[in-house]
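The values are calculated or read from the model by the stated rules, or taken from the named source; none is laboratory data. Bear in mind that the values here come from a model prediction, so they are computed numbers and not experimental data. Note that we place each Cβ from the backbone using ideal geometry, even for glycine, and neighbour counts take in every protein chain shown. For accessibility, only protein heavy atoms count, side chains too; no ligands or nucleic acids. Shrake-Rupley method; radii C 1.70, N 1.55, O 1.52, S 1.80 Å.
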Amino acid sequence: MPEYKYNTIIVGGGIAGLTAAAYLARAKQKVLLIEKNKECGGLVNSFTRDGFHFDTGVRALEDAGIIFAMLKDLKIQLEVVESPVSLGIEDEIIHIENLDSLLKYRDLLTKIYPESEGEINGIIKSIRKIMKYMDVLYGIENPVFKELKSDRDFIFKELLPWLPKFIFTVGKINRMNMPVEDYLGTIVKNNSLRDIISQHFFKNTPAFFAMSYFSLYLDYFYPKGGVGKLSEALKNKIVEYGGEIKTETKITEVMAEECIVKDQNNNTLKYANLIWSADLKTLYKITRTEGLLPRIRIKAEDAKNKFLKNRGGDSVFSLFIEVNEPPESFRKIAYGHFFYTPSRLGLGDTHRGELHYLLSNFDKIGKGQILAWLDKFTRLNTYEISIPVLKEPGLAPPGKTGVIISLLAEYDLFSIIQKEGWLDEFIKELENRILSVISGSVYPFLKDKIIDCFSFSPLSIENRIGSSEGAITGWEFQKYMPVINKIQNSDRSVLTPFPSIYQAGQWAYSPAGVPMSILTGKLAAEKALKQIRKFKNR
Ligand SMILES: Cc1cc2nc3c(=O)[nH]c(=O)nc-3n(C[C@H](O)[C@H](O)[C@H](O)COP(=O)(O)OP(=O)(O)OC[C@H]3O[C@@H](n4cnc5c(N)ncnc54)[C@H](O)[C@@H]3O)c2cc1C
């Protein structure tokens, strides 16, 4: 094997890249993690402003049999607290405490849509069935994070008894891969009810993934000090194992034949293996394939066309608010992780047909029409509300509360308005409407107590994270996904057509999120290690 300064270079210091780097550093490899921002973590990050603690990306974490298994395997101590969830529609709010809370959810829906009691029972039956599948799926620590060669107890007492159940369950799950909207269409005729259940998921989310969320609500936890502590812990582990991290370095070119990456200052580095843990469209745009074998170039060109043709999934708009009101006032209403819908009507066609019409006829319509649409969009939507100080005391100045309110948002709308030159005005209009809707419904005291507020739009996510279309969980859902989307094939999700280049993170597998980013990070590290050992044994 030629002498490289680093066996493996990892590009992208989000949770996937951090995981890959930690595993390779533990295996005593010379590893370098390159991150374009000042700090690592990507969409698993936290920051403090005026003494208020906020989480930038994900608001709380779901274990999914992966996060705790990874922490245990890497011997990382992370102090965590539970992150209970409340669900609310108009002035009906329930708190999810255990499996029986499903009955509270049924009663909530029945109170709001009494005419649809039969359909609601059908939905609850379906959620209950999926919860059983979830119990199997996440029933043991993910084997990818276990030392299978030496842990005979795990193999014989847990893995082998679990495998047949897993295979059976995967078959069931794969049959529920249709979009949740279509699935609900077969069991629910009431459009509003259908919207209320599905509108806070990405468009066309696979039914199984969406309907499994009731189980996931019980799975959420919060690292003490904020979600960013998870990234920080991994970063510290990389350094402890002797890995190197280079921040404020953006990779702008990959020369696949020479195994070289180039950064924004034209510095070059040679790799034996490269793990790309950032946006995949970018990888294919900046990779030069000259000199590669013709069959590899053809495969790479095919993959490039496929990826560039596809879009990132829905993005998100987040409003961060510093409030001069004690946490107790918020605690009386809901937990610190709250999915709230201020109107029982549901979004209907607002975020689909109507938005599509606005975008396709943008040059013909005026600001007034867009703002009228924005009224409806904010009134009928579902919000994810996160209040860090309710999860852990001390995350806000005494007697004050930091609140994050977010909703799914379409990148193209922000992009077109930016081109028209009124993005700042549009963002202000959106912020004001969100504040007015939330103050007019669930937190009536909010509007008069605001100390300051600011927001992140899909364009901020694109700029900061380098994520196409501001996506937060990789690819848009469609019939033919451009990446692996079956759990039994996840091992192959990290392969690329390029020699010695692997992929990991939100773009490598669908549906994605923090647990799958961690899993693909580990799988990519394993592939890189295998490759290094193969060369050494030659
Ligand atoms: C508001 C919100 C809520 C969410 N809720 C959930 C949830 O409930 N459950 C869940 O599982 N997930 C959730 N997610 C999604 C989850 O946070 C992400 O899918 C996951 O963190 C992605 O991790 P990653 O490492 O794959 O990628 P990223 O976090 O995107 O990291 C990529 C990194 O690469 C860096 N980079 C990009 N280009 C380059 C380059 N050219 N050179 C060097 N560095 C580069 C970026 O700066 C970034 O740090 C949420 C996200 C948001 C924003």
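Quick look at the values:
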item	result
Helices (runs of 4 or more DSSP H) contained in the range 182-244 and holding at least 3 residues touching an Asp or Glu at 6+ places or on another chain (Cβ under 8 Å), open to solvent by 20 Å² or more (accessible area, probe 1.4 Å) and not aromatic (Phe, Trp, Tyr)	none
Any hit, the range 357-372, residues being out of contact with any strand residue (DSSP E or B) (no Cβ under 8 Å at 6 or more places or on another chain), part of a helix (DSSP H, G or I) and hydroxyl-bearing (Ser, Thr, Tyr)	yes
Unmet requirement for residue 331, which otherwise passes all of (1) of a type outside the set (Phe, Trp, Tyr); (2) open to solvent by 20 Å² or more (accessible area, probe 1.4 Å); (3) at positive phi	(3)
Criterion (more than 22 Å from the chain's Cα centre (by Cα), over 30 Å from residue 28 (Cβ atoms) and of a type in the set (Asp, Glu)) met by exactly one of 62, 97	97
Residue among 78, 71, 99, 108 that is surrounded by 14 or more Cβ atoms within 10 Å (Cβ to Cβ) and in a loop (DSSP other than H, G, I, E, B)	78
Output for the range 115-137, where each listed residue is more than 27 Å from the chain's Cα centre (by Cα) and either surrounded by 13 or more Cβ atoms within 10 Å (Cβ to Cβ) or closer than 16 Å to residue 346 by Cβ (or both)	115, 116, 119, 120, 121, 122
Where a residue in the range 185-206 is on the phi > 0 side of the Ramachandran plot and its partner, wherever it lies, is part of a loop (DSSP other than H, G, I, E, B) and of a type in the set (Phe, Trp, Tyr), with Cβ under 8 Å and at least six apart	204/477
Complete set of residues in the range 26-68 that are open to solvent by 40 Å² or more (accessible area, probe 1.4 Å) and among the β-branched types (Val, Ile, Thr)	48, 58
Counted residues, the range 303-317 - those being open to solvent by less than 20 Å² (accessible area, probe 1.4 Å), out of contact with any Gly (no Cβ under 6 Å at 6 or more places or on another chain) and either in a strand (DSSP E or B) or within 10 Å of the ligand (Cβ to nearest atom) (or both)	3
Set 290, 253: member being open to solvent by 10 Å² or more (accessible area, probe 1.4 Å), over 30 Å from residue 82 (Cα atoms), within 10 Å of the ligand (Cβ to nearest atom) and free of Cβ contacts under 8 Å to residues at least 60 places away in the same chain	253
Selection count where residues are at pLDDT 95 or above and more than 8 Å from the ligand (Cβ to nearest atom), scope the range 511-525	6
Tally of residues being more than 13 Å from the ligand (Cβ to nearest atom) and closer than 27 Å to residue 471 by Cα across the range 42-64	5
Residues (among the basic types (Lys, Arg) and touching a residue at least 24 places away in the same chain (Cβ under 8 Å)) located in the range 405-441	433
Search result, residues across the range 65-100 that are within 14 Å of residue 387 (Cβ to Cβ), small (Gly, Ala, Ser) and more than 13 Å from the ligand (Cβ to nearest atom)	86, 88
Condition broken by residue 535, with the remaining ones in (1) open to solvent by 30 Å² or more (accessible area, probe 1.4 Å); (2) closer than 26 Å to residue 260 by Cβ; (3) part of a loop (DSSP other than H, G, I, E, B) satisfied	(3)
Verdict on residue 365 being of a type in the set (Val, Ile, Thr) and closer than 24 Å to residue 200 by Cα	no
Filter result for residue 488 (surrounded by fewer than 24 Cβ atoms within 10 Å (Cβ to Cβ), more than 16 Å from the ligand (Cβ to nearest atom), assigned to a loop (DSSP other than H, G, I, E, B) and not hydroxyl-bearing (Ser, Thr, Tyr))	no
All positions within the range 442-460 that are without any contact (Cβ under 8 Å) to a residue 60 or more places away in the chain and away from the ligand (no atom under 11 Å from the Cβ)	444, 447, 448, 459
Subset of the range 461-484 that is touching a residue at least 40 places away in the same chain (Cβ under 8 Å), open to solvent by 50 Å² or more (accessible area, probe 1.4 Å) and more than 10 Å from the ligand (Cβ to nearest atom) - its residue that is nearest to residue 416 (Cα to Cα)	462
Conditions (1) assigned to a loop (DSSP other than H, G, I, E, B); (2) more than 14 Å from the ligand (Cβ to nearest atom); number of the one not met by residue 528	(1)
Selection count where residues are out of contact with any Pro (no Cβ under 6 Å at 6 or more places or on another chain) and either outside any strand (DSSP E or B) or open to solvent by 30 Å² or more (accessible area, probe 1.4 Å) (or both), scope the range 394-421	15
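Every residue, every condition in (1) within 17 Å of residue 308 (Cα to Cα); (2) surrounded by fewer than 22 Cβ atoms within 10 Å (Cβ to Cβ); (3) at pLDDT below 95, yes or no:
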residue: 257; (1), (2), (3): no, yes, no
residue: 261; (1), (2), (3): no, no, no
residue: 273; (1), (2), (3): no, no, no
residue: 279; (1), (2), (3): yes, no, no
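Residue-wise test of (1) loosely packed, with under 14 Cβ neighbours inside 10 Å; (2) within 26 Å of the chain's Cα centre (by Cα).
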{"position": "340", "(1), (2)": "no, yes"}
{"position": "344", "(1), (2)": "no, no"}
{"position": "355", "(1), (2)": "no, yes"}
{"position": "360", "(1), (2)": "yes, no"}
{"position": "364", "(1), (2)": "yes, no"}
{"position": "385", "(1), (2)": "no, yes"}
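Matching residues to (1) among the small types (Gly, Ala, Ser); (2) open to solvent by 40 Å² or more (accessible area, probe 1.4 Å):
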{"position": "451", "(1), (2)": "no, yes"}
{"position": "456", "(1), (2)": "no, yes"}
{"position": "495", "(1), (2)": "no, yes"}
{"position": "503", "(1), (2)": "no, no"}
{"position": "508", "(1), (2)": "yes, no"}
{"position": "516", "(1), (2)": "no, no"}
